[in-house]
1. Would you please give the residues with an amide H less than 5 Å from that of B:H144, counting only those at least 5 places away or on a separate chain, with H modeled from the backbone geometry?
2. How big is the accessible area of B:H389 in square angstrom, nearest 10, if you roll a 1.4 angstrom probe over the protein chains?
3. Given labels modelled 7 Å from the Cα in the Cβ direction, how far is it in nm from B:S741 to B:A651?
4. Leaving out ligands, DNA and RNA but keeping every protein chain, what accessible area does B:R125 have, in Å² rounded to the nearest 10, with a 1.4 Å probe?
5. Please pull out the direction-averaged projected area of the range B:371-424, using the convex hull of its alpha-carbon atoms, in nm² to one decimal place.
6. For B:Y533, B:Y449, B:Y87, B:Y194, give me the order by solvent-accessible area with a 1.4 Å probe, most accessible first, ignoring ligands, DNA and RNA.
7. I'd like the Karplus ³J(HN,Hα) series for the range B:527-541: coefficients 6.51, -1.76, 1.60, θ = phi - 60°, whole numbers in Hz, and an x wherever there's a Gly or Pro.
8. Counting only other residues whose beta carbon sits under 13 Å from that of B:S418, what net charge do I get with K and R as +1, D and E as -1?
Amino acid sequence: MGTGREASVSLDGVRDKNMMQLKKLNTVLFPVRYNDKYYADAISSGEFTKLAYYSDICVGAIACRLETKGGTMRVYIMTLGVLAPYRGIGIGSKLLNHVLDMCTKQNVSEIYLHVQTNNEAAIKFYKKFGFEITDTIPDYYINIEPRDCYVVTKSFAQI
Amino acid sequence: MGASLPPKEANLFKLIVKSYETKQYKKGLKAADAILKKFPSHGETLSMKGLTLNCMDRKTEAYELVRLGVKNDIKSHVCWHVYGLLYRSDREYREAIKCYRNALRIDPDNLEILRDLSLLQAQMRDLSGFVETRQQLLTLKPNHRMNWIGFAVSQHLNANASKAVEILEAFEGTLEDDYPPENELCEHTEMIMYKVSLLEESGAFGKALEELHKKEPKIVDKLSYKEQEAYLLWKLGRPAEASKLYRVLLSMNPDNYRYYEGLQKCLGLYSESGQYSSDRIEKLNALYQSLSEQYTRSSAVKRIPLDFLQDERFKEAVAKYIKPLLTKGVPSLFSDLCSLYDHPRKPDIMEQLVVEMEHSIRTTGSYPGSDVKEPPSTLLWTLFFLAQHYDKRGQYDVALGKIDEAIAHTPTVIDLYSVKSRIMKHAGDLTAAAALADEARCMDLADRYINSECVKRMLQADQVTSAEKTAVLFTKEGDQLNSLHDMQCMWYDLASGDSYFRQGDLGRALKRFLAVEKHYSDISEDQFDFHSYCLRKMTLRSYVGMLKFEDRLHSFPYFHKAAIRAIRCYLKLHDTPKSTAEEDEMSKLAPAQKKKMKKQKKAEARAKKEAETKIEESTACGVSKSGKRNVKPVDPDPHGEKLIQVEDPMAEASKYLRLLQKHSPNSLETHLLSFEVNMRKEKFLLAFQAVKQLLKLDAENPDSHRSLVKFFLKTGSTSSPTTEAEKLRCSVLEAERPSISQLQNKSLVEANKEFLGRHEDSLVHRAAYAEMLCLLDPSKKTEAIKLIEDSTNKVVQQTNGALGVAREWKLKDCIAVHKLLETVFLDSEAASRWKSRCAEYFPFSTHFEGKRSSVMPDSVYNSSLKSNENGDTPNHPMGQTELNDGQLEAFKSLTVST
């Protein structure tokens, strides 16, 4: 794919001054209203939460939560999404690659997320980056069908 | 100085002066007290002590001491000089000049005093005095460059440019050939350029050019040199050489509009009005074609032809201009093209073009006739442009459709919400506009511009409290609202004053409007420091430019607006006599209670006064303790309660009216207010003058017509003249009446009828006619109302208007008519009929309670408040799912590429 014209894509962090951009994205990307804890987690994750700008327009974001488990750091991807008109030009990959890079730099043991079991596109997407389905949680979702979700994980070899 | 003192005290006196200059006021005060112990009536010491205290914010004592000093030693130039300095520090320049003159009478050659005097004369524009003083300074000290320059500048300001040139030439005669030294090249350049501009101003273009060429090696500002040279060559009728130079300048900066203008002038292809014959358009087109090949990166060379090209050529050029900017995403594109909307056909052409682009991008992903895929953002910017286009054309529903679509496409672009807010404002829903501006603000809390825009919208919607809270987000810590005042934030003063005015709080409104006036006098004060600074630094051209700017300071829009609004406040104060409510209350009470009330009131007033003096004292002490200067005293009247207690509002209004008449004589509003004020003051001849000015400026304006009729109705109806003055007035009016063409051999009724005849199709004119009809003959009220109701709101002819319709009537005119029916005709039924009719035309208007406005419970705005979606997008079908994390729907459609 591609657009025939090159437009620059850049990433920027989330702060309280521009948090509304992330909220706006989530409002249209996900059928879920996120609570304050989501945004607090996102901001405190620092480099692990990023907005993507397509020629100075904010079009996508990845938001993660940092967890520590037995002295090692885990990253949970809360959301990753790109506005519909701007899909298919590598912005999602760029966001995920950035976070994966950060994981290697900061010695993260594993990174994981939840995906609805019928979301094949997403599963395929994550598998390309070395993620694997590691678990199934029944009845994870309350209001949507199917209600089950997979846990999708990528582990990093510890040095 | 201090000559009459013995040596020890004389030394102490020198110490006072030195301490004053080095701002060590405490030390100076000690020394002064030491002298005064021995010589308690020594005038100069008393004066200096006063001056020192003045700097420590002890004004009253300062004036007492300085006056005592002058009294004790009236022959001392020091005492008079100090007195002058004291007045100067309080901006009492006229008094200061008097003191300096007294000082000079005693010591005529005192350089310091002469210099100080010259600064004051420049500030007060006492130009002949300024020339005199500068001449004296030059005679006394001719070896000073600054004195030559100062004398020349004074002559120039006194409208004698050629004399100024002579002085500069004489000065140059005193210079060595190798002048100037390395470190004064810039100053010398400035002097030469100033001289050239003087020659130019006196019309000696040939000499100016000669001078320029002669001094070329000494001019370091090569750009100014070339600009000046090109201009002079053109003025001298040597366009071939001039155009060559303009082309050189263009190669240095191909985005400077003045160079293009200069080049066009040299080629005989320039017209002030922007109107050109088809033959000249051909030539211009060819010129810009070749220039655009030369300067491919210039945007000016692409933009300018859009102004003169017509029809097909325009269409082609504007399409070529717009496309890359939509692709790139330039939010200011519409503002850039906005001026083209004054043209009768260009807006239609642009509409057609951009609508075609929109369609093509939607269906093929490319511009019409192209197979290059556009980036996804192009559709967004196209919709954004169209929204502003339809807003400009008054088709608000179409505009809203476009902007909503853009928001749905990319909800993160802040400009979309700002534009939507503006559309809602134009459509008449100020509450929704404020809410949208706030939404925009929240998306970037670090952006002062959108913060300010939001504050303004909130004020327009009369949400003063939230506006203030929002405004202070960007002021300095501490004294928040005062800091807005210190920053001379005039749009804020005006918008906030307007809001208070609408809410009937005249005190606070006046407070804001008068603050603007204060800012302007501060700006005028601020020039004082530049009189010495600019002469020293030799920035002569900008100095003279600044003085000219200051001279027309009060004609600037902010001042104009503030003065007009202040006068309106005073008019309202005059029309609603104060404390009627209070009196009503009093009259209901029994006499004994009345007495009690009065007593209570008095006690309250006393307590208030005491509190105020306490505040004043406490600030005074605070200052002297900390010894700091410029600590602001507490405003004794923060809500303008005292302002509305003014004895004679019309006298206050007249003060601002005079400034308007002097600085904005071409504004209709100036004379309209002059009419209103002078009618109330019963100064009929002045009111008549205002009427004549109105007729001269725009005789067909409805307000001019109203004033004319009202004036002759009033002056015709007053009983036969009794006093001499009244008789005189009558005879003047009688003599003048025939000179007014509208009234020649006609009664007012006939004149009114003819006015209608000329403007049968215009709502505002019909309303003015109807109002006057009823005024002249109250029995015709029904006829008048029927005439208004019979007006028709025509559809504006559109060539390719597929989307919606635009009608002629403006929202603000319809609101004015509604108020007329309600408050002048006092016919609530007609008013409500008018209201429901206009609600159809203006569905977003809160005033008319249109069905899509935010006052209606099921409006778009209110449902969006509940769902809190991006700029009114409809509720998500999924509703509100309570979940912590979600990796759902979005991924189904997220196609991923590598």
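The values are calculated or read from the model by the stated rules, or taken from the named source; none is laboratory data. Keep in mind that what you see is a predicted model, and the values were worked out from it rather than measured. Cβ atoms come from the backbone with ideal geometry, glycine included; neighbour counts cover every protein chain shown. Ligands, DNA and RNA are stripped out before the accessible areas are found, and what is left, the full protein with its side chains, is counted by its heavy atoms. Shrake-Rupley method; radii C 1.70, N 1.55, O 1.52, S 1.80 Å.
1. none
2. 0
3. Distance between label points: 4.2 nm.
4. 60
5. Details: hull surface 15.1 nm².
Over all viewing directions, the range B:371-424 projects a mean Cα-hull area of 3.8 nm².
6. B:Y449, B:Y533, B:Y87, B:Y194
7. 5, 3, 4, 7, 4, 7, 4, 5, 5, 5, 8, 6, 8, 6, 5
8. Numbers: positive: B:K420, B:R422, B:K425, B:R441, B:K456, B:R457; negative: B:D391, B:D415, B:D438, B:E439, B:D444, B:D447, B:E453.
Computed value for this residue: -1.
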